[in-house]
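Have a look at the structure below, then the notes.
Only the coordinates and a few stated rules stand behind these numbers; no lab work does. Predicted, not measured: the structure shown is a model, and the values here were computed from it. Virtual Cβ from ideal backbone geometry, glycine too; neighbours counted across all protein chains shown.
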Amino acid sequence: MANAKKQLEVSDEVAIQITKMNKWFGSFHVLRDIDLKVNRGERIVIAGPSGSGKSTLIRCINALEEHQEGLITVDGTVLSSDLKNIDTIRSEVGMCFQHFNLFPHLTILENCMLAPVWVRKVPQKEAMETAMHFLEKVKIPEQANKYPGQLSGGQQQRVAIARSLCMKPRIMLFDEPTSALDPEMIKEVLDTMVQLAEDGMTMLVVTHEMGFAREVANRVIFMDEGQIIEQNEPEQFFDNPQNDRTKLFLSQILGH
Amino acid sequence: MVDLSFVRKDIVPQRAAPLSEAGIVGWFRKNMFSDIPNTILTIIVLYFIISVLSSILPWVFSPTWYSGSLTECRSILAELGRDGHGGGGACWGVIRERWLQLLFGFYPSELYWRPILAFFLLGLALAPVLFEGASRKLLYLTAVYPFLCFWLIWGGSIWFPITVFAGFIIAYVGFVYVNKIAGSLSGVIASIVLPLIWWLFIVSPLSTMLFSILPIGSEAIDSDRLGGFMLAVLIGVTGIALSLPIGILLALGRQSDLPILKGVCVCFIEFIRGVPLITLLFVASTLLNIFLPPGSNFDLILRVMIMVTLFASAYMAEVVRGGLAALPKGQYEAADSLGLDYWKAQRLIIMPQALKISIPGIVSTFIGLFKDTTLVSIIGLLDPLGLSTNIRADMAWNGILWELYGFVGFIFFIFCFSMSRYSMYLERRLATGH
Ligand SMILES: Nc1ncnc2c1ncn2[C@@H]1O[C@H](COP(=O)(O)OP(=O)(O)OP(=O)(O)O)[C@@H](O)[C@H]1O
Ligand SMILES: [Mg+2]
């Protein structure tokens, strides 16, 4: 695994650029002066204590949350309140949620085909082939005609990943994809994500899986109180943290 | 020391359940005679059922089918040695004599085939909506059915329903065309304004002109000749078919971020729900005439249909809102993150789930609406209850009560029970195991 990681290339092309971004929930200042540049092919893990604004940050990137100040540019498109821009960005950026959020009234296959058919206007047959391709990739093609309620948590999360991939996104966001799963299912989801990284996907992952961060990430970001406190390569970050808050957080999370 | 280790050597094979668990005897023993209180309850309830049936059944089975008046009934019963004052048996002669009237009101009997045909076509038009197996081609019939039904029942020039229908085509074409050149908002406005102009100013002269060129039509029937279950079904089905879409739009409006739209929807829902249906019906029958331009002849049944629809829509909106509230926020977010726009997300993700959750509430509202159609008798329309009053005013049947209302109630029960059964079938069909 460690060898595989060394070969993963990061290009110079900028995928996401965030400058001086601020966000408030009412009078509560959740995100403060966020500056972040993500290059194509980067695998970034975002960590931090509960309530530090990790989810809010990645939700701002595909406009699930509005920001009030600053600039977010995704793939060269500036995120403004213009609906056209938002739709373009959303179809370029895939997202996986903690609770999977599959559509329970549709089969697995229909879940995967829905957005390509209705948003990208892909013909039915082609959408089905793409869906089966990605379901094979996450190793559950045999479940295609079941409903989400009939699958285990790990399988559901892999379907959610396949569903996002069917839109052929250039960037994937993950918000704690494994924290609602039983331990024996975490591995199958992480394996899928490792494979995705090996295929060169640009990924932003909010997670508490520090093993994943060490092995797959090329950068770890630590957030607290709505700010980026520290970021570094995984080895440096884990073995030689600089900020006191980072040290405290790491000692709590790795301490037992 | 207790020995804690255990390793199974031979696997226990499956055996049939003991007889007390399976079979009819087992079922009775388990569910009705399991212990002494249960046995006592079973016996008491059985006694109650038998004593009720033994007094009702002789009343129901009474040989009075061919009698022509209440007095004749009573003398038949007295001859048989039964109590001649109503307790001895039902007087079914009234149903034999008046059942057609209870079904069709004062519709001309030589034209009964028209409402009957309309009723059968209704079944065909509903089939593709209600059942998965039905042919999709029937949806074309569904689309033109309202106009066809109108023409079958009221008759008159065929050009009137056709030109009204053309209004919808104009709305669609207007939307597609304007949408292309001026954006979706202008498209929506065009699809509302163009057909309104068409209906208000063009339909009436155009259909008159077409009729004078090509006089195709059938014998026109006045609204005051419609009645009975035909009227109840007419009002009920219109209300049911229109209140669901209007209710969905109101529920969405109530959840909207746009304050004015939201305010309008909330006011409408709360106002309509806060006023008794009877009041709305009186408004329809009297007040509305004051507001309408003088000389405009807006059919009373049509006005009543509108009021009943609005009334049911307000309730429907709240039922649907309940379904929407039960959906986790994640469903909206997943739809958004895949790039679906608002209407697509509503149509493909949100509504299918919200409506499924709301099925019991929706069907309750439908059933309530259908039974509420009997209230129109208060403003003088001849629905089954209005007709019953009429029949009871007849010298021959003066004093008859249970037979008429029992019959009317029985027919209503068949309709409402079917709706309830259908909803259970639908819930089972839509179940996806979660
Ligand atoms: N819709 C909202 N309205 C108001 N406050 C919110 C909203 N969503 C989140 N918050 C607040 O913003 C802060 C950051 O929330 P966020 O969900 O981004 O934290 P997080 O880092 O993802 O935490 P966790 O690890 O628990 O998921 C929290 O204090 C939270 O209470
Ligand atoms: Mg979070």
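Flag not set for A:V14, criterion: under 16 Å from A:M172 (Cα atoms) and buried (at least 19 other Cβ atoms within 10 Å of the Cβ). For A:E66, the criteria (1) within 16 Å of ligand 1 (Cβ to nearest atom); (2) within 14 Å of another protein chain (Cβ to nearest Cβ); (3) buried (at least 22 other Cβ atoms within 10 Å of the Cβ) hold in every case but one, which is (3).
When region B:329-350 is filtered for residues that are under 30 Å from the mean Cα position of the chain (by Cα), surrounded by fewer than 22 Cβ atoms within 10 Å (Cβ to Cβ), at the interface with another protein chain (Cβ under 9 Å from one of its Cβ atoms) and of a type outside the set (K, R), only B:L348 remains. Can you find even one residue in region A:100-109 that is touching a residue at least 60 places away in the same chain (Cβ under 8 Å), within 16 Å of ligand 1 (Cβ to nearest atom), farther than 13 Å from A:C166 by Cβ and within 14 Å of chain B (Cβ to nearest Cβ)? For region A:100-109, residues touching a residue at least 60 places away in the same chain (Cβ under 8 Å), within 16 Å of ligand 1 (Cβ to nearest atom), farther than 13 Å from A:C166 by Cβ and within 14 Å of chain B (Cβ to nearest Cβ): present. Region B:336-434 holds helices (runs of 4 or more DSSP H) entirely within its bounds, and those carrying 1 or more residues that are of a type in the set (F, W, Y) map to B:351-372, B:402-430.
Quick grid of which residues meet (1) part of a loop (DSSP other than H, G, I, E, B); (2) on the phi > 0 side of the Ramachandran plot; (3) surrounded by 11 or more Cβ atoms within 10 Å (Cβ to Cβ); (4) among the charged types (D, E, K, R):
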{"site": "B:D10", "(1), (2), (3), (4)": "yes, no, no, yes"}
{"site": "B:Q14", "(1), (2), (3), (4)": "yes, no, no, no"}
{"site": "B:A17", "(1), (2), (3), (4)": "yes, no, no, no"}
{"site": "B:G26", "(1), (2), (3), (4)": "no, no, yes, no"}
{"site": "B:V52", "(1), (2), (3), (4)": "no, no, no, no"}
{"site": "B:E72", "(1), (2), (3), (4)": "no, no, yes, yes"}
{"site": "B:C91", "(1), (2), (3), (4)": "yes, no, yes, no"}
{"site": "B:R98", "(1), (2), (3), (4)": "no, no, yes, yes"}
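When the residues of region A:218-249 are filtered to those that are within 16 Å of ligand 1 (Cβ to nearest atom), in contact (Cβ under 8 Å) with a residue 24 or more places away in the chain and among the polar types (S, T, N, Q), the one that is surrounded by the most Cβ atoms within 10 Å (Cβ to Cβ) is A:T246.
Restricting region A:171-206 to residues that are within 14 Å of ligand 2 (Cβ to nearest atom) and surrounded by fewer than 21 Cβ atoms within 10 Å (Cβ to Cβ) leaves a set whose member that is farthest from A:G48 (Cα to Cα) is A:A180.
Residue count for region B:366-382 satisfying the condition of being of a type in the set (K, R) and surrounded by 21 or more Cβ atoms within 10 Å (Cβ to Cβ): 0.
Which of the numbered conditions does A:N101 fail, given that it passes all the others? Conditions: (1) within 16 Å of ligand 2 (Cβ to nearest atom); (2) within 13 Å of the chain's Cα centre (by Cα); (3) surrounded by 21 or more Cβ atoms within 10 Å (Cβ to Cβ); (4) not in a helix (DSSP H, G or I). Just one mismatch for A:N101, condition (2). Look through region A:161-183, keep the residues that are part of a loop (DSSP other than H, G, I, E, B) and away from ligand 1 (no atom under 16 Å from the Cβ), and return whichever of them is nearest to the other protein chains (Cβ to nearest Cβ). Only one residue tops the list, namely A:M167. Just one residue in the set B:L210, B:L103 is without any contact (Cβ under 8 Å) to a residue 60 or more places away in the chain, assigned to a helix (DSSP H, G or I) and not β-branched (V, I, T); that residue is B:L210.
Out of B:L385, B:L404, one residue alone is crowded, with 19+ Cβ neighbours inside 10 Å, free of Cβ contacts under 8 Å to residues at least 60 places away in the same chain and either β-branched (V, I, T) or more than 14 Å from chain A (Cβ to nearest Cβ) (or both). It is B:L385. Under the condition of being over 11 Å from the mean Cα position of the chain (by Cα), within 16 Å of ligand 2 (Cβ to nearest atom) and part of a loop (DSSP other than H, G, I, E, B), the residues counted in region A:42-98 number 8. The set of residues in region A:110-126 that are within 13 Å of chain B (Cβ to nearest Cβ) and over 22 Å from the mean Cα position of the chain (by Cα) comprises A:E110, A:V117, A:W118, A:K121, A:V122.
Among the residues of region A:227-246, none qualifies, meaning not one is within 28 Å of A:L64 (Cα to Cα) and of a type in the set (F, W, Y).
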